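Chemist: Dropping the structure in here first, questions after.
The values are calculated or read from the model by the stated rules, or taken from the named source; none is laboratory data. Every value quoted in this text rests on a predicted model; they were computed, and no experiment measured them. All Cβ positions, even for glycine, are placed from backbone atoms using ideal geometry, and neighbour counts span all protein chains on display.
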Amino acid sequence: MRPQAQKFVARLFNLSLFSTAAMFGLEGPLAAQEVQRLPGIVVQGTSIAVPAPREREAGGVDSGETTELAEFTGAETDAGGQAVSRQGSAVSVVTGEELSRRQIRNAADALRSLPGVSVSRQGNPHNLTVVRLRGAESNHTLVLIDGVEVNSGSTDGFFDFANLATEDIEQIEVLRGPQSGLHGGSAVGGVINIITKKGKGPFTVRARTEAGAFGTADGSLQVSGGDDRLHGIVTLYGRRTDGFNISQKGEEEDFGRLTTFSFAGGVRLLDNLKVEGTLRQSDVRAGRDNGFGGTLGAFAVPADDDSVLSSALWLGQIAATLDTFAGRWRHQLRLGRSEITTTDHDATFLADSKTLGINTKYGYSTTLRLDAAGMPVRHFVTGLIEEERESFVQPIGGDGIKRERGRTGVAGEVRGEYFNTLFLSATVRRDDNEAFEDATTWRTAASLLVPGTPFRLHASYGTAVKYPSFSEQFGFFVGFLPNPDLIPEHSRGWDAGVETTLLGGRALIDVTYFDQNLQDEIDFRTVPVFQFQPFNRAGTSKRRGLEVEARYVLFPGLSLGAAYTHLDATDDTGREEIRRPPHSGRIDVNYTFDNGRANLNLAAVYNGAMTDNAFEAAFPFGSQVVTLEDYWLLTAAASYQLQPGVEVYGRVENLLDQHYEEVFGYNTAGISAYAGMRFTYDARRATAPAR
């Protein structure tokens with residue numbers, strides 16, 4: 001047995017002994033839910049959510065003024081979920097119903113309207129798309145799909161959101177701030193947790209078809225059904241577009257293709273034992289144009305050619321959850337794996353590239369619940385141990401050598417709930433690394449419902465670590481030199497805010513201030529000739545700012561929402577970090593009428609002026625900082641149910657026909673319209689007796 005495996009087994013045994021010892025004296029059952037999800041507040045939704053019973057007792061939102069329910073599940077373990085009001089960190093939730101009302105097809109377009117989030121896309125929705133949280137780098141955002149890490153080992157560690165359609169998404173959760181205390185590396189800016197639909201309910205078939213601007217065709221087929229004993233869902237999704245010219249030189253249209261297959265299901269083998277699994281295969285392919293083929297003034301910009309960038313994502317996971325002692329002690333074994341293959345055909349430099357990154361993670365977690373006799377006081381104690389293996393190979397365009405590394409992580413968390421008013425948590429994690437120095441990270445958080453007032457105070461403080469990616473250390477691409485001597489980045493940050501509920505629960509305002517520092521930041525420097533190379537900066541980079549969000553339900557069916565972010569993100573020299581607007585925000589209105597058959601949604605997203613790097617077209621091919629102008633993106637969406645199971649819908653994007661850039665030199669879509677139909681067959685409705 002390898003030393004790493006021996007160490008893993010020993011820690012697993014010790015953790016089990018700890019759990020058994022702590023079992024004695026436990027009182028009260030662990031929540032007997034399929035997944036421990038407690039209701040919370042909709043942050044990015046169309047209403048204030050129905051609160052948990054305990055929230056109402058503490059003076060929470062009046063359920064009579066609400067129209068929907070959202071939940072925050074937590075991203076690591078089934079037993080880790082809790083209501084948003086119990087979270088000390090800043091949390092945003094986007095529900096599947098919200099995605100449907102706004103007719104959002106790509107997850108990045110849902111995220112761009114959230115506080116603290118910046119999105120950068122190189123052209124159409126099928127081109128490279130990255131997300132940044134609170135001014136951190138794109139590879140500082142940990143992305144999980146049903147608990148499986150999908151940060152790409154085939155790139156520099158970010159996740160390409162061009163490969164994530166919303167068709168099978170049940171909920172998106174965004175947890176902002178350093179989160180390595182529980183989640184390990186990459187969670188510097190925060191965590192984006194994607195939860196897919198699980199298929200419970202009557203046998204249902206859903207089909208959707210859509211067409212629109214730029215020769216776009218979009219459609220899906222979804223079959224689901226089951227109950228607590230056996231359930232499953234299969235989703236097929238496809239989208240193709242002739243596209244538009246993403247470069248500012250030439251007139252060639254740049255195409256895009258995306259196909260997705262997903263399955264999720266579960267079976268309850270015993271009353272206290274369930275097994276669940278997830279499979280996902282997604283492929284995106286798009287014309288990308290040559291990034292340096294044209295000139296705009298003194299700068300190099302993309303120009304038309306036949307270059308194509310492709311990315312294939314495969315992930316799978318199986319998890320077994322066992323509840324013992326009447327549900328008071330929960331155990332989970334989990335095995336997950338993701339594979340991302342990135343292929344680049346360069347039609348100008350004739351330098352093709354193919355990389356494969358694999359992440360395999362298996363582990364055990366356990367959660368204990370301890371209740372104080374006769375008092376509304378409870379504690380949750382969670383332990384986690386996991387083994388992670390990563391590999392990287394570049395068979396085309398690189399040296400073809402397969403590189404591997406691993407780490408063993410051990411984490412513990414204690415959460416306390418006191419008198420339905422005060423909620424505290426503390427987490428610590430230790431990573432035993434093969435390739436880098438061992439790392440210890442931690443996080444603390446608190447949430448206080450101030451008695452007798454409409455205020456909730458929340459705060460968190462934590463640390464994070466980001467390990468260099470294989471690509472940064474060993475990748476070979478046109479214009480790129482790897483650096484095998486990179487060291488991990490380290491971050492420390494805190495946030496604090498106040499949330500106010502007004503007008504009997506129909507209005508909510510939350511204001512949060514955050515401050516975070518980053519040391520050993522991995523940046524890129526230009527080296528002769530016309531190349532760039534990653535390196536660790538010597539100083540401290542700073543990110544601080546203010547997040548404001550609000551929601552107001554005027555009357556049942558009509559709601560308003562708004563958000564604003566002020567961001568001050570600078571590197572160690574005080575220079576503004578690129579592609580992160582200092583000012584951003586959103587305003588949205590949703591109106592549901594005709595007994596719920598009709599819905600109108602209007603959303604406006606603002607992206608303030610921001611900087612970017614532009615490469616000089618003349619020798620020695622250096623770079624300069626340029627400013628990208630601010631813009632508003634206005635989207636109007638409408639839908640109407642013609643009869644049960646048949647719905648027509650349509651939307652207009654970029655209603656103001658704004659000309660804007662998210663990345664220097666890349667065009668974006670102008671005003672565009674789309675329309676379609678949605679069909680639903682529900683066996684329960686089909687077999688209901690006629691009235």
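Chemist: So which pairs qualify, if the first residue must be in segment 77-96 and on the phi < 0 side of the Ramachandran plot and assigned to a loop (DSSP other than H, G, I, E, B), the second must be modelled with pLDDT under 90 and of a type in the set (Lys, Arg), the Cβ gap must be under 6 Å, and the two must be at least 6 apart or on different chains?
Modeler: Final answer for the pair search is GLY81/ARG37.
Chemist: Step by step: first the residues of segment 476-530, then only those that are of a type in the set (A, V, I, L, M) and under 30 Å from ALA426 (Cα atoms), then the one that is surrounded by the most Cβ atoms within 10 Å (Cβ to Cβ). Which residue is that?
Modeler: By that ranking, first place goes to LEU518.
Chemist: Having 3 or more residues that are more than 26 Å from the chain's Cα centre (by Cα) and farther than 18 Å from ARG285 by Cα is the bar; report the strands (runs of 3 or more DSSP E) wholly within segment 304-380 that clear it.
Modeler: Numbers: elements: 308-324, 329-345, 353-371.
Of the strands (runs of 3 or more DSSP E) lying wholly inside segment 304-380, those with at least 3 residues that are more than 26 Å from the chain's Cα centre (by Cα) and farther than 18 Å from ARG285 by Cα span 308-324, 353-371.
Chemist: Right, here's the next one. Inspect segment 645-663 for any residue being modelled with pLDDT of 95 or more, in a loop (DSSP other than H, G, I, E, B), aromatic (Phe, Trp, Tyr) and within 28 Å of the chain's Cα centre (by Cα) and give the result as yes or no.
Modeler: Yes; the residues of segment 645-663 include at least one that is modelled with pLDDT of 95 or more, in a loop (DSSP other than H, G, I, E, B), aromatic (Phe, Trp, Tyr) and within 28 Å of the chain's Cα centre (by Cα).
Chemist: So, in segment 262-280, exactly how many residues are touching a strand residue (DSSP E or B) at 6+ places or on another chain (Cβ under 7 Å) and either within 19 Å of PRO125 (Cβ to Cβ) or not in a strand (DSSP E or B) (or both)?
Modeler: 3
Chemist: I would also like to ask the following. Which pairs turn up if I take residues in segment 640-659 that are in contact (Cβ under 8 Å) with a residue 24 or more places away in the chain and on the phi < 0 side of the Ramachandran plot and look for partners that are in a loop (DSSP other than H, G, I, E, B) and not hydroxyl-bearing (Ser, Thr, Tyr) with beta carbon separation below 6 Å, at least 6 apart in sequence or on another chain?
Modeler: GLN641/ARG597; ARG651/GLN103
Chemist: Which residues, counting only those in segment 356-394, are closer than 28 Å to GLU434 by Cα and among the charged types (D, E, K, R)?
Modeler: LYS361, GLU386, GLU387, GLU388, ARG389, GLU390
Chemist: Still on this model: In the set ASP572, ASP588, which member is in a loop (DSSP other than H, G, I, E, B) and either touching a His at 6+ places or on another chain (Cβ under 9 Å) or of a type in the set (Asp, Glu) (or both)?
Modeler: The unique qualifying residue is ASP572.
Chemist: Identify the single condition in (1) closer than 28 Å to TYR640 by Cβ; (2) modelled with pLDDT of 95 or more; (3) not in a loop (DSSP other than H, G, I, E, B) that VAL131 does not satisfy, given that it satisfies every other one.
Modeler: (1)
Chemist: Checking LEU182 against (1) over 12 Å from the mean Cα position of the chain (by Cα); (2) farther than 22 Å from THR440 by Cα; (3) in contact (Cβ under 8 Å) with a residue 60 or more places away in the chain; (4) not in a loop (DSSP other than H, G, I, E, B): exactly one of these is not met. Which one?
Modeler: Condition not satisfied by LEU182: (2).
Residues checked against (1) crowded, with 22+ Cβ neighbours inside 10 Å; (2) in contact with an Asp or Glu (Cβ under 6 Å, 6 or more places away or on another chain); (3) of a type in the set (S, T, N, Q):
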{"position": "GLY219", "(1), (2), (3)": "no, no, no"}
{"position": "GLY225", "(1), (2), (3)": "no, no, no"}
{"position": "LEU230", "(1), (2), (3)": "no, no, no"}
{"position": "THR241", "(1), (2), (3)": "yes, no, yes"}
{"position": "SER247", "(1), (2), (3)": "yes, yes, yes"}
{"position": "ARG280", "(1), (2), (3)": "yes, no, no"}
{"position": "ARG285", "(1), (2), (3)": "no, no, no"}
{"position": "VAL301", "(1), (2), (3)": "yes, no, no"}
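Chemist: While we're looking at this one, here's another question. Pairs please, first residue from segment 420-441 and over 12 Å from GLY185 (Cβ atoms) and surrounded by 22 or more Cβ atoms within 10 Å (Cβ to Cβ), second anywhere and β-branched (Val, Ile, Thr) and modelled with pLDDT of 95 or more, Cβ atoms under 9 Å, 6+ apart in sequence or on different chains.
Modeler: SER425/VAL414; SER425/THR444; THR427/THR382; THR427/VAL414; THR427/THR441; THR427/THR444
Chemist: Just to be sure I understand the filter: pairs with C-beta atoms under 6 Å, separated by 6 or more residues or on different chains, first member in segment 506-517 and in contact (Cβ under 8 Å) with a residue 40 or more places away in the chain, second member of a type in the set (Gly, Ala, Ser) and outside any strand (DSSP E or B). Which pairs pass?
Modeler: THR512/ALA90
Chemist: Going through segment 219-261 one residue at a time, which ones are within 30 Å of THR278 (Cβ to Cβ) and part of a loop (DSSP other than H, G, I, E, B)?
Modeler: Once the filter is applied, which keeps residues that are within 30 Å of THR278 (Cβ to Cβ) and part of a loop (DSSP other than H, G, I, E, B), segment 219-261 yields ASP227, ASP228, ARG229.
Chemist: Quick check on segment 386-398. Is at least one of its residues of a type in the set (Val, Ile, Thr) and more than 25 Å from the chain's Cα centre (by Cα)?
Modeler: yes
Chemist: With the condition kept exactly as written, say whether any residue in segment 167-176 is on the phi > 0 side of the Ramachandran plot and touching a Leu at 6+ places or on another chain (Cβ under 7 Å). Talk me through it step by step, then tell me what you get.
Modeler: Pass one, segment 167-176, residues on the phi > 0 side of the Ramachandran plot: none.
There is no residue in segment 167-176 that is on the phi > 0 side of the Ramachandran plot and touching a Leu at 6+ places or on another chain (Cβ under 7 Å).
Chemist: Separate question: Just one of the numbered conditions (1) within 23 Å of GLY409 (Cα to Cα); (2) more than 14 Å from the chain's Cα centre (by Cα); (3) not β-branched (Val, Ile, Thr) is not true of LEU175; which one?
Modeler: Checking LEU175 against (1) within 23 Å of GLY409 (Cα to Cα); (2) more than 14 Å from the chain's Cα centre (by Cα); (3) not β-branched (Val, Ile, Thr), the one that fails is (2).
Chemist: In the list ASN483, ASN517, which residue meets the criterion of being in a loop (DSSP other than H, G, I, E, B) and not aliphatic (A, V, I, L, M)?
Modeler: ASN483
Chemist: Being among the polar types (S, T, N, Q), in contact with a helix residue (DSSP H, G or I) (Cβ under 8 Å, 6 or more places away or on another chain) and touching a residue at least 40 places away in the same chain (Cβ under 8 Å) is the requirement here; does THR321 meet it?
Modeler: yes
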